[in-house]
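The values are calculated or read from the model by the stated rules, or taken from the named source; none is laboratory data. These figures come from a predicted structure and were not determined experimentally. Here the Cβ is made from the backbone with ideal geometry for all residues, glycine too, and neighbour counts use every protein chain on show. Keep in mind that these areas ignore ligands, DNA and RNA; they rest on the heavy atoms of the full protein, side chains included. Shrake-Rupley method; radii C 1.70, N 1.55, O 1.52, S 1.80 Å.
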Amino acid sequence: MRRLKTNWKVFLALAISFVLSFAIILTSSVPESYDYTTGDICTDDIYATREIEDKVTTQRRQDAAASQVENQYSVNFQVNEDQLTKLQNSFAAITEARNMEIALTGKISFIKEDIDIELSDESISYLVAMNATDYSVFSQNVRESFSEIMDKGVIDTEEALSQMEALFLTKETELAKKKVADEFFKGYTKINEEYNAELTELERDKAKKLIEPTVYKKNQIIVRRGEVITDAHISLLSDMGMLKGASHINVKYALGILLLMMASYAVSVYYIMLKSERKRFSQEKIIMACILPVLMLLIVFIMRGLPKDYAYLVPLPYCAILMATFVSARLSSIVSIYLCFAASIMLGQAEEFIITMITFSTITSMIFKKVEGVSGYAKAMVYSMAAGTLCAAMAMLMTGKTADIVVKAAIFGALNGLISSVLTIGTTPIFENIFNIITPFKLNDLGNPEKPLLKRLMFEAPGTYHHCLMVGNLAEAACMRIGANNQLARVSAYYHDIGKLRRPGYFFENQMGDNPHDALMPAESAKVLRSHVEDGLEIARQYRLPKDIRNVIAQHHGATLTGFFYKKALEMDPDAREEDFRYPGPKPESKEAGIVMLADSCEAAVRSLDDKTEESIRAMVTKIVKSRMAEGELDECDLSFRELGEIIDAFVSMLGSHFHKRIKYDDKEEKVDESADRTDN
């Protein structure tokens with residue numbers, strides 16, 4: 001039931017974050033509205049809020065191009081076929097008359113009656129008198145010239161006749177033949193081209209498509225102050241949602257923003273749900289990861305009224321730093337990319353802004369991720385200012401900006417680094433207190449020996465206190481060897497045994513005389529030992545220790561067995577239950593928790609050795625590590641065999657230095673040295 005509630009809280013946080021982010025981005029994109037009609041005088045310079053087509057002007061230019069296209073005609077080939085058939089029939093009649101054995105006058109009369117054009121007697125006589133070869137060639141040339149010109153289409157008969165005559169003269173040169181051919185051409189030439197409305201419309205559409213649309217780029221002025229408002233201006237203002245009464249939200253634009261956010265949130269959720277990363281994300285971290293982008297978008301929304309050049313002062317790295325510090329460095333990179341694109345949309349910035357901010361945010365998050373202490377924050381601030389300068393200059397140079405713009409952007413980048421650093425330092429304690437999440441700054445504070453809980457441990461359970469310090473040193477050294485969070489391991493080790501404050505005298509390191517376990521049954525003694533884990537968690541909650549430290553407290557014994565008392569119980573009762581002598585667990589779930597477990601066991605075991613040589617220490621440490629591996633206590637913390645080898649080496653080195661043999665002094669030397677302030681090594 002608790003898990004279900006947690007999931008619902010996380011789901012609700014994600015949903016609220018998504019809706020608020022979408023609303024902020026979309027609201028920032030809603031332009032100012034104007035109450036203009038055609039013929040009004042514009043009182044302000046109006047700029048395009050996005051790239052948009054001037055549809056009215058484009059349509060006007062396209063119509064002008066279409067009007068230049070002449071009417072299109074198509075040839076009616078049926079007319080050609082009919083007229084050519086008539087021409088051929090005429091020649092057939094003339095051929096028949098030529099073969100008749102009658103007088104010339106009879107042939108002329110026959111021909112005139114059989115053809116449907118007017119041929120002069122002179123022309124008929126010329127045709128009848130031709131020899132067979134000349135006649136055949138002549139008739140063929142007339143038909144070819146006629147057919148070729150008719151097939152091209154005839155709109156103007158005079159022009160067509162001129163073309164036929166010219167073509168015929170390329171085939172025949174005698175003027176007499178030309179005269180006769182002209183009579184055939186005049187008799188049979190006919191207009192055969194008809195107006196084709198479909199073809200005309202098609203050609204005009206082609207002419208329109210050749211006209212490039214009139215487009216205004218984002219931030220380009222579309223109406224100047226004092227200019228008369230035209231129909232084109234009204235159409236543009238309406239399309240951009242800048243006219244009163246028009247829709248202020250462009251559906252396609254809103255859909256694009258929605259898809260950007262869906263992709264970003266989906267990638268983030270997928271990363272959080274990865275098996276290798278899931279343990280790192282507590283409910284508090286996920287909720288904070290939902291809040292930070294909304295907070296950053298609100299800052300961008302507030303700053304969008306600044307001049308365009310001042311966009312480089314928007315502290316986008318601030319969100320990246322907090323995300324990397326409180327949640328996850330990798331998730332910080334994912335969210336930073338989304339926020340940089342969203343900010344560029346909200347502020348109307350180009351690609352150089354995106355390049356600058358993504359690079360800048362990534363670098364600053366890496367700088368602040370490893371900060372420890374106040375001096376570390378001061379260095380990080382300087383490094384962030386340098387990173388801002390370099391990133392801004394780099395992006396401007398890559399996009400070919402002039403020297404003055406490069407210098408200005410570099411200055412703004414440095415200022416951005418300063419602003420982001422100050423915001424980070426100022427708000428980190430606030431977020432730490434609200435969400436109680438581990439940060440380097442928080443760990444540095446918790447590791448201070450002056451903290452009330454550590455003071456209690458030092459005075460009420462001094463043996464445990466010194467044991468915790470030693471475990472912390474061991475854990476830190478091991479983490480540094482394998483690249484784990486050494487600061488978290490060290491501070492967690494300081495607090496891992498705070499449960500012993502409830503009954504300090506029951507633990508060997510705090511005992512000065514009698515052992516209270518001598519009066520207890522083994523099961524009761526085991527119960528006291530095991531209870532220090534639950535007691536520690538209760539105290540940790542009272543002092544509001546972060547969850548990561550509470551996890552180490554809960555896991556530093558895993559499900560191990562209180563072996564001494566279990567063996568003692570078996571001697572008294574062979575049926576003693578093993579589970580009554582095991583710690584409640586869970587097993588260590590992080591590398592840091594696993595290392596603290598090993599350091600805790602090794603420190604106590606090595607302290608009990610009579611002969612603390614390097615060989616005996618290594619043998620004991622190796623034995624304990626192998627034992628924990630065999631028991632399966634390290635199965636959940638992802639420590640590799642190579643890392644375990646490094647951990648053994650680190651423990652042996654630290655324990656060997658701590659328990660090394662001391663030089664023995666004689667009585668005189670000891671008396672001399674009693675007044676000296678020596679450190680006990």
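Worth pointing out:
- Counted over the range 196-311 with a bin width of 10 Å, the fraction of Cα pairs per bin, in whole percents, is 9, 20, 25, 20, 13, 9, 3, 0.
- Cross-link pairs beyond the 22 Å C-alpha cut-off, checked among Lys152/Lys190; Lys217/Lys408; Lys208/Lys244: Lys217/Lys408; Lys208/Lys244
- Each helix, a run of at least 4 DSSP H residues, gives -39500 (n - 2.57); summed and divided by the residues of the chain, these come to -22000 deg cm²/dmol at 222 nm.
- Nearest 10 degrees, 0 to 90: helix 373-398 Cα axis against the chain principal axis: 10 degrees
- The base-10 log of I(q)/I(0) for the range 162-249, evaluated at q = 0.10, 0.11 Å⁻¹, reads -0.59, -0.62 [Debye formula, identical scatterers on Cα atoms, solvent excluded].
- Converting the Cα gyration tensor eigenvalues of the range 333-444 into ellipsoid dimensions via √(5λ) gives semi-axes, longest first, of 28, 16, 10 Å.
- For the range 100-190, fraction of C-alpha pairs farther apart than 24 Å, in %: 21 percent
- For Leu169 and Leu210, the FRET efficiency from 1/(1 + (r/R0)^6), where r spans their Cβ atoms and R0 equals 41 Å, is about 0.50.
- Share of pairwise Cα separations in the range 296-388, more than 15 Å, in percent: 56 percent
- Rounded to the nearest 0.05, the FRET efficiency derived from the C-beta distance between Lys218 and Asn448 at R0 = 41 Å is 0.20.
- Cα-based radius of gyration for the range 359-517, normalised by 2.2 N^0.38 Å, reads 1.50.
- About its Cα centre, the dipole of the chain is roughly 3700 debye, where the only charges are +1 on Lys and Arg Cβ and -1 on Asp and Glu Cβ.
- FRET efficiency for the Asn131 to Ala92 pair, using the beta carbon distance and R₀ = 25 Å, is estimated at 0.85.
- Interatomic Cα distance distribution for the range 310-349, bins of 5 angstrom, percent: 6, 25, 31, 19, 13, 6, 0
- Measuring spread by the Cα atoms of the range 464-609 yields a radius of gyration and Dmax of 15.3, 47 Å.
- Using all pairs of distinct alpha-carbon atoms, the Kirkwood hydrodynamic radius of the range 518-601 works out to 13.6 angstrom.
- Local charge for Leu26 was computed over the other residues whose Cβ lies under 14 Å away, with Lys and Arg +1 and Asp and Glu -1, and equals +3.
- For the range 162-253, trypsin sites (Lys or Arg not before Pro) are listed when DSSP marks them as loop and at most 14 other Cβ atoms sit within 10 Å of their Cβ; the list is Lys217, Lys218, Arg224, Arg225, Lys244.
- Computed with a 1.4 Å probe over protein heavy atoms only, the accessible surface of the chain comes to 53 Å² per residue.
- For the chain, the longest principal axis of the C-alpha atoms and the axis of helix 351-369 are separated by about 10°.
- Compared with the dominant principal axis of the Cα atoms in the chain, helix 486-495 is inclined by about 40°.
- Per-selection metrics, the range 526-662 (Cα): Rg and Dmax in Å: 16.1, 48
- Restricting the GluC sites (Glu not before Pro) of the range 53-138 to loop positions (DSSP other than H, G, I, E, B) with no more than 11 neighbouring Cβ atoms within 10 Å leaves Glu70, Glu101, Glu118.
- Note on the range 1-147: Kirkwood radius taken over Cα pairs, Stokes-Einstein applied at 37 °C and 0.692 mPa s, translational D equal to 131 µm² s⁻¹.
- Portion, in percent, of the accessible area of the chain that falls on carbon or sulfur, probe 1.4 Å: 56 percent
- Cβ-defined net charge surrounding Ala393, 11 Å radius [Lys, Arg +1; Asp, Glu -1]: +1
- Inverse of mean 1/r across different Cα pairs in the chain, Kirkwood, Å: 34.6 Å
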